[in-house]
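The structure appears right after this line, and notes come after that.
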Amino acid sequence: EIGRLDAYKATTSSADSRTQAMDSALQNIVDKIQEALVAVASAQGSTATQDVRNSAAATIDGVRNAIAADINASFGGSHLFAGGASDQAPYVQSGGAWIYQGDNTPVTVDIADGRTAHIGMDGQAIMQGSASQDMLSMLDTLASDIRAGNVAGMASGTQDLNAAQARVGTALAT
């Protein structure tokens with residue numbers, strides 16, 4: 001009995017550390033989405049010059065890179081947002097497209113009799129959900145729309161960023 005309790009204690013400690021790492025990465029993504037929303041707003045309007053739009057687009061490119069790093073975060077050699085396929089990075093860029101390599105298998109561990117903790121998440125649910133494209137691809141499109149001065153594209157990108165922020169917020173709450 002004592003050995004089993006010690007095992008649960010060790011598992012609980014490890015699960016807590018993994019959960020903190022997931023929460024940190026998700027909070028970073030929320031912060032980056034906020035940064036992207038500010039950049040898009042700065043690129044809109046009749047006073048936005050091409051230099052302003054280029055700067056905003058470069059910010060979006062940086063946001064995309066930071067979000068890609070966060071969604072590909074690992075802990076103890078295991079990727080946090082790849083579902084059950086935690087031995088590989090969830091998102092990779094291949095041929096100019098972002099590809100999700102994970103799966104939607106929830107990853108849990110027993111932390112006590114009848115109690116489990118989530119220690120891995122489905123990154124695609126966070127990054128895309130029911131949207132037509134994942135957040136990384138959407139940011140690529142948004143950066144192009146900003147550079148081109150595409151007002152409708154920037155408006156659509158703002159809506160997509162708000163939807164992405166809601167998905168990440170939901171993931172943070174679980």
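The values are calculated or read from the model by the stated rules, or taken from the named source; none is laboratory data. This is a predicted model, so every value here is computed, not measured. Cβ placement follows ideal geometry from the backbone for every residue including glycine, while neighbour counts extend to all protein chains displayed.
Exactly one condition in (1) in contact with a Pro (Cβ under 9 Å, 6 or more places away or on another chain); (2) within 23 Å of S132 (Cα to Cα) is not met by Q34; state its number.
Of everything listed in (1) in contact with a Pro (Cβ under 9 Å, 6 or more places away or on another chain); (2) within 23 Å of S132 (Cα to Cα), Q34 misses just condition (1).
Please pick out the residue among N54, N104 that is part of a helix (DSSP H, G or I) and loosely packed, with under 15 Cβ neighbours inside 10 Å.
Values: N104 fails: part of a helix (DSSP H, G or I).
Just a single option satisfies the conditions, and that option is N54.
Can you name the residue in the range 64-78 that is touching a residue at least 40 places away in the same chain (Cβ under 8 Å) and over 23 Å from Q34 (Cα atoms) and, of all such residues, is surrounded by the most Cβ atoms within 10 Å (Cβ to Cβ)?
The qualifying residue surrounded by the most Cβ atoms within 10 Å (Cβ to Cβ) is F75.
With the requirement that a residue be more than 24 Å from A82 (Cβ to Cβ) and β-branched (V, I, T), what does the range 54-72 give you?
T59, I60, listed by residue number.
It is to be established whether one or more residues within the range 161-171 are in a loop (DSSP other than H, G, I, E, B) and modelled with pLDDT under 95.
Within the range 161-171, the subset in a loop (DSSP other than H, G, I, E, B) is none.
No, there is no match, as no residue in the range 161-171 is in a loop (DSSP other than H, G, I, E, B) and modelled with pLDDT under 95.
In the range 98-120, how many are under 7 Å from G83 (Cα atoms) and either touching a His at 6+ places or on another chain (Cβ under 9 Å) or modelled with pLDDT of 90 or more (or both)?
Applying the first criterion (under 7 Å from G83 (Cα atoms)) to the range 98-120 yields 102-107, 120.
Pick out the ones that are also either touching a His at 6+ places or on another chain (Cβ under 9 Å) or modelled with pLDDT of 90 or more (or both) and you get 102-104, 106-107, 120.
Qualifying residue count, the range 98-120: 6.
Can I60 be described as of a type in the set (V, I, T) and under 13 Å from the mean Cα position of the chain (by Cα)?
Working: of a type in the set (V, I, T): yes; under 13 Å from the mean Cα position of the chain (by Cα): no.
Considered against the rule, which asks whether it is of a type in the set (V, I, T) and under 13 Å from the mean Cα position of the chain (by Cα), I60 comes out as no.
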